[in-house]
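The values are calculated or read from the model by the stated rules, or taken from the named source; none is laboratory data. Source: prediction; values computed, not measured. All Cβ positions, glycine included, derive from the backbone under ideal geometry; neighbour counts span all protein chains shown.
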Amino acid sequence: MESFKYKDKEVVFETLTGEVLDADRQQEVSITSSGGGGYVGPNGGYVRAPKINSQVSTKQTLWIKTGEGSEQPVHIKNADIAVRPGHTISAVVGTSDGRSEYETLAVINHTSNSVSIVVTKDELSKFLGSLLIPGLLSLPIGLVGASVFGSLVIPSDMSVFGAIALHVLSFFACQVGSVYLMSRGFIKASKDLWSHMNDFVRTAAAKGIS
């Protein structure tokens, strides 16, 4: 087990190794429509057909038997792993604070000597939280910055309109600056987390079956 820490968040990586007993694959198709409509009147009209969108998602479940003799499911989303009963695999799973269960991040097939990463960078970064938080935190920082700027820089004889304009500009300047600084830290942590996970996967693959 290994962990990656960013501020108050901790992401934990573990491996689950065993022999594949069964491999089940399912596909789900979701269909949505948007747009459409029209108008018909005494002098004619028009009809616009709705736009139909379909999305196919794949779910795969691998049942494995661990070295301790227990049978465990390995759930994989939006990936199709080439595996069959009798293969020995290691599933790299991860979780973080606030998550009730582990999520499969990669599958190492020791029999075929193959490695499949089944999570994207964006999906992995969600373990650290959301970029929405820096945006929300920037609001009070912008207000405080505008207030301090107004009290120190804006002359007392300036017109009300000019003072308001400078307050608004300073508010947005402080907000943009704080969002940039906070987001830069989050983006760097996301890249580091992705590198950390890939290093963990490579190490687990190099070790082979423990």
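Quick rundown of the values:
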read-out	value
Meets criteria (closer than 19 Å to residue 108 by Cβ and modelled with pLDDT of 85 or more) for residue 10	no
Single residue of the stretch 87-123 satisfying the filter (of a type in the set (A, V, I, L, M) and over 18 Å from the mean Cα position of the chain (by Cα)) that is surrounded by the fewest Cβ atoms within 10 Å (Cβ to Cβ)	115
Test result for residue 133, modelled with pLDDT under 80 and closer than 26 Å to residue 3 by Cα	yes
Counted residues, the stretch 96-123 - those being under 17 Å from residue 199 (Cα atoms), touching a residue at least 60 places away in the same chain (Cβ under 8 Å) and in a strand (DSSP E or B)	5
Extreme residue, farthest from the chain's Cα centre (by Cα), among residues of the stretch 35-82 that are more than 30 Å from residue 22 (Cβ to Cβ) and either surrounded by 10 or more Cβ atoms within 10 Å (Cβ to Cβ) or modelled with pLDDT of 80 or more (or both)	48
